[in-house]
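**Q** Structure incoming, see below.
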Amino acid sequence: MSDQPWTEMATGELVKRALDDAEALEHLIARFARRVRSVVRFYGMSLHDAQDAEQTVWFSFWQHLPLIRTPEHAGAWLAAATHNACRKQLKLTRRLALEDPVQLDMFDTPAARDRPTPEEHLLATERRRRVYRAITELAEPDRTIAILDMDAPRASASYVADFTGLPLDRVPSARRRARRRLRRLLIDDSTGECP
């Protein structure tokens, strides 16, 4: 066994060790926890739904760890699994959720005046839906790059490469391509709505 510190160990080696070593698994989860959380946060779920989605991702990761064909691309596997878990969680939430009229605080209080009006809330929600719809139409790795750009726009190329599984030298062109495709989808969507 190598005396190399966990933080300096390559992802592929850490995945292999995590199969038999609980400490390696903890370090592997710590390495990708922030990234998984950023994808979950993109979906705008409630705290409890977000926690459920994250737990689903980590449980699935643990179950599938021996089956991951390219351990060095564990970040890309986690990105895809996180997208899937979030979409499933949103579907479940939509089926079960009802609007709570008590949440629509209509009292004229300073706190209520600082909140957005129902119209502003509706417009902001529609903008988020348009962007979400456009991002879900992107193929991987563009989808993950777009989400990382929204959550951490100044993320380093190595951060994006590690999370998407792309070679480091391809990240800048992949980022430009993802932004261009997302912009095109949003423009097409807005022009399609006009009569």
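The values are calculated or read from the model by the stated rules, or taken from the named source; none is laboratory data. Keep in mind the model is a prediction, meaning the values are calculated, not measured. Just the protein is used for accessible areas: all its heavy atoms, side chains included, with ligands, DNA and RNA removed. Shrake-Rupley method; radii C 1.70, N 1.55, O 1.52, S 1.80 Å.
**Q** For residue 37, what accessible area in Å² do you get when you roll a 1.4 Å probe over the heavy atoms of the protein chains, rounding to the nearest 10?
**A** Here the residue's solvent-accessible area equals roughly 110 Å².
**Q** Could you compute how much accessible surface residue 127 exposes when probed at 1.4 Å, giving the result in Å² to the nearest 10?
**A** Probe radius 1.4 Å; accessible area of residue 127 about 140 Å².
**Q** In terms of solvent-accessible area of protein heavy atoms at a 1.4 angstrom probe, what is the ranking of 147, 187, highest value first?
**A** 187, 147
**Q** So what does residue 47 come to for accessible area, using a 1.4 Å probe and Å² rounded to 10?
**A** 120
**Q** In the Gaussian network model of the chain, springs joining C-alpha atoms below 10 Å, which of 134, 152, 80 carries the largest mean-square fluctuation?
**A** Fluctuation is largest for 152.
**Q** For n ≥ 4 DSSP H runs only, could you compute -39500 (n - 2.57) per run for the chain, divide by its residues and tell me the 222 nm figure to the nearest 500?
**A** -23000 deg cm²/dmol
**Q** Considering the convex hull of the alpha carbon atoms of region 1-85, report its projected area averaged over all viewing directions, in nm², one decimal.
**A** The Cα convex hull of region 1-85, projected and averaged over all directions, gives 5.4 nm².
**Q** Largest first, please: the extent of the C-alpha atoms of the chain along each principal axis, to the nearest Å.
**A** Dimensions of the chain along the principal axes of its Cα atoms: 66, 37, 31 Å.
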